[in-house]
Amino acid sequence: PGLHADAWRKISFLADPVCDGCGTPFEYDIGARCAACQAKPRAFARARAACLYDEHSRGLILQLKHADRPELGALFARWINRAAADLIADCDAIAPIPLHRSRLFRRRYNQAAEIARPLSRLAGVAYLPDALARRRPTASQGGKSASARARNVAAAFATPDARQVAGRKILLIDDVLTTGATAQGCARALLAAGAMSVDLAVVARVRESAR
């Protein structure tokens, strides 16, 4: 749905080799994580993206996010199921990155949850819709520098019931990975609640993650 044949051919789908830490694509397998991940590891252990976030994928992703097209979540779930197969095979549960209740009220659905829910069914993995909560509203991350994004979401996330995640390997789901600040905040909250590990899978990532 929402993708004709010509548009499909223009999507830059990602496959190995990619950096195991952040999912950035490599021209060839270097046998190690990218320099940025080696210099500054993130709170989430590994990340995968189904495609690059560019002029060809942006419109479809924004339809899910802002144009009342939640049915696109099932399409993106299939993309992630392919791109993040190794992370899915290793996880105990799938959890969406949450919206604050005020934004959820305005948008009426959480785009990450619309991807995570069908992905959990497709993969046969437990779905934890309430594993995380956004404790305070945060401004849009769009247009912010990496440091400003990190400040914007600092201490914004919590685990309402640590028993859901304690001792489990959690796979976080979101639509786009830019600097990773939001996913970092979520991963820290899950790890503080006792999660064994946290990985991340997204529909799309920018070509280079800003640091």
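Tabulated data
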| quantity | calculated |
| --- | --- |
| Count of region 168-190 residues which are under 18 Å from A126 (Cβ atoms), more than 14 Å from the chain's Cα centre (by Cα) and aliphatic (A, V, I, L, M) | 1 |
| Single match in P160, P118, P137 (criterion: surrounded by fewer than 23 Cβ atoms within 10 Å (Cβ to Cβ), at pLDDT 95 or above and on the phi < 0 side of the Ramachandran plot) | P118 |
| All positions within region 90-103 that are modelled with pLDDT of 95 or more, of a type outside the set (A, V, I, L, M, F, W, C) and open to solvent by less than 20 Å² (accessible area, probe 1.4 Å) | P96 |
| Residue tally, condition part of a helix (DSSP H, G or I), of a type in the set (A, V, I, L, M) and either modelled with pLDDT of 95 or more or closer than 23 Å to E114 by Cβ (or both), over region 163-199 | 6 |
| Which numbered condition R106 misses (of (1) open to solvent by 20 Å² or more (accessible area, probe 1.4 Å); (2) touching a residue at least 12 places away in the same chain (Cβ under 8 Å)) | (2) |
| Pairs, first in contact (Cβ under 8 Å) with a residue 60 or more places away in the chain in region 68-80, second in a helix (DSSP H, G or I) and surrounded by fewer than 18 Cβ atoms within 10 Å (Cβ to Cβ), C-beta under 7 Å, six or more apart | R69/Q63; L72/Q63 |
| Output for region 165-211, where each listed residue is of a type outside the set (A, V, I, L, M, F, W, C), open to solvent by 50 Å² or more (accessible area, probe 1.4 Å) and either free of Cβ contacts under 8 Å to residues at least 40 places away in the same chain or touching an Asp or Glu at 6+ places or on another chain (Cβ under 8 Å) (or both) | R168, K169, R207 |
| Number of the exception - K144 against (1) modelled with pLDDT of 90 or more; (2) under 25 Å from R207 (Cα atoms) | (1) |
| Helices (runs of 4 or more DSSP H) wholly inside region 14-89 that include at least 3 residues being among the small types (G, A, S) and open to solvent by less than 60 Å² (accessible area, probe 1.4 Å) | 72-83 |
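The values are calculated or read from the model by the stated rules, or taken from the named source; none is laboratory data. Because the structure is a prediction, the values reported are computed rather than measured. Glycine gets a Cβ as well: all are built from the backbone with ideal geometry, and neighbour counts include every protein chain shown. When the accessible area is computed, the model is the full protein with side chains, heavy atoms only, and any ligands, DNA or RNA have been set aside. Shrake-Rupley method; radii C 1.70, N 1.55, O 1.52, S 1.80 Å.
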